[in-house]
Amino acid sequence: MRVVAGEARGRRLEAPDTADTRPTSDRVREAIFNSLASMDALDDAKVLDLFAGSGALGIEALSRYAAHCTFIERARPALDAIRANLEVTGFSDRADVVVADAMTFVTRGSAGDFDLVLADPPYDFSQWAELLNGITSALVVAESNRPVAPPEGWEAVREKRYGKTWVTFLARA
């Protein structure tokens with residue numbers, strides 16, 4: 001797994017060696033971030049990477065000129081991978097790593113003041129409405145094994161399937 005484009009293009013990223021983490025493939029990350037770039041959603045953005053895993057999504061955002069990324073993760077192997085990946089890419093000074101459960105973080109009202117939220121929970125995740133209702137950002141990129149149905153107040157503005165992965169771009173209605 002490597003950073004696809006931007007400042008850290010080509011840098012190898014570490015993935016935690018656990019069954020709980022499913023890193024987003026390079027192909028899917030490239031498609032997501034090309035779409036975000038076409039929407040002008042990355043330059044100087046404050047990004048929140050929920051269920052961060054290896055941190056590949058947030059690191060790709062930083063590589064493509066996001067100003068800052070906050071990574072939310074609770075698993076120790078994943079946290080170690082995120083920190084190692086931030087070090088190897090040189091983005092540690094533009095990032096915060098928060099040890100927390102993503103749903104708890106969001107439902108406690110901590111998910112405010114971000115321009116973009118990246119959410120890549122485990123595929124069996126079913127609390128999308130609760131998660132989205134706790135987010136105040138205008139744009140969320142949701143990765144799942146099925147399309148994410150937008151709850152009231154949200155609309156799906158882009159949706160694409162990549163093999164078993166569905167990526168849904170959700171915007172405030």
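The values are calculated or read from the model by the stated rules, or taken from the named source; none is laboratory data. It should be emphasised that the depicted structure is a prediction, and the values quoted were computed from it without experimental measurement. For neighbour counting, all protein chains shown are included, and Cβ atoms are generated from backbone atoms with ideal geometry for every residue, glycine included. The protein model used for the area step is the full one, side chains on, heavy atoms only, and it has no ligands, DNA or RNA in it. Shrake-Rupley method; radii C 1.70, N 1.55, O 1.52, S 1.80 Å.
Quick look at the numbers
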| item | result |
| --- | --- |
| Radius of gyration and maximum dimension Dmax of the chain, Cα, Å | 14.4, 41 |
| Highest-first arrangement of 106-113, 133-140, where packing means the average Cβ count within 10 Å | 133-140, 106-113 |
| Highest-fluctuation residue, 119, 56, 100 considered, GNM on the chain with Cα pairs under 10 Å | 100 |
| Whole-number accessible area per residue in Å² for the chain, which is evaluated in the context of all protein chains at 1.4 Å | 46 |
| Hypothetical label at residue 158: residues of the stretch 31-56 whose amide nitrogen lies under 14 Å (7 Å Cα-Cβ projection) | 31-43 |
| Pairwise centroid distance, computed over Cα atoms, of the stretch 1-75 with the stretch 106-173, Å | 16 |
| Accessible surface, 1.4 Å probe, highest first, among residues 46, 160 | 160, 46 |
| Structure-based [θ]222 nm, the chain - -39500 (n - 2.57) summed over DSSP H runs of at least 4, per residue, nearest 500 | -8000 deg cm²/dmol |
| Fraction of accessible area attributable to carbon and sulfur, the chain (%, probe 1.4 Å) | 45 |
| Two-site label geometry, residue 104 and residue 172: point separation in nm, points 7 Å out along Cα→Cβ | 2.8 |
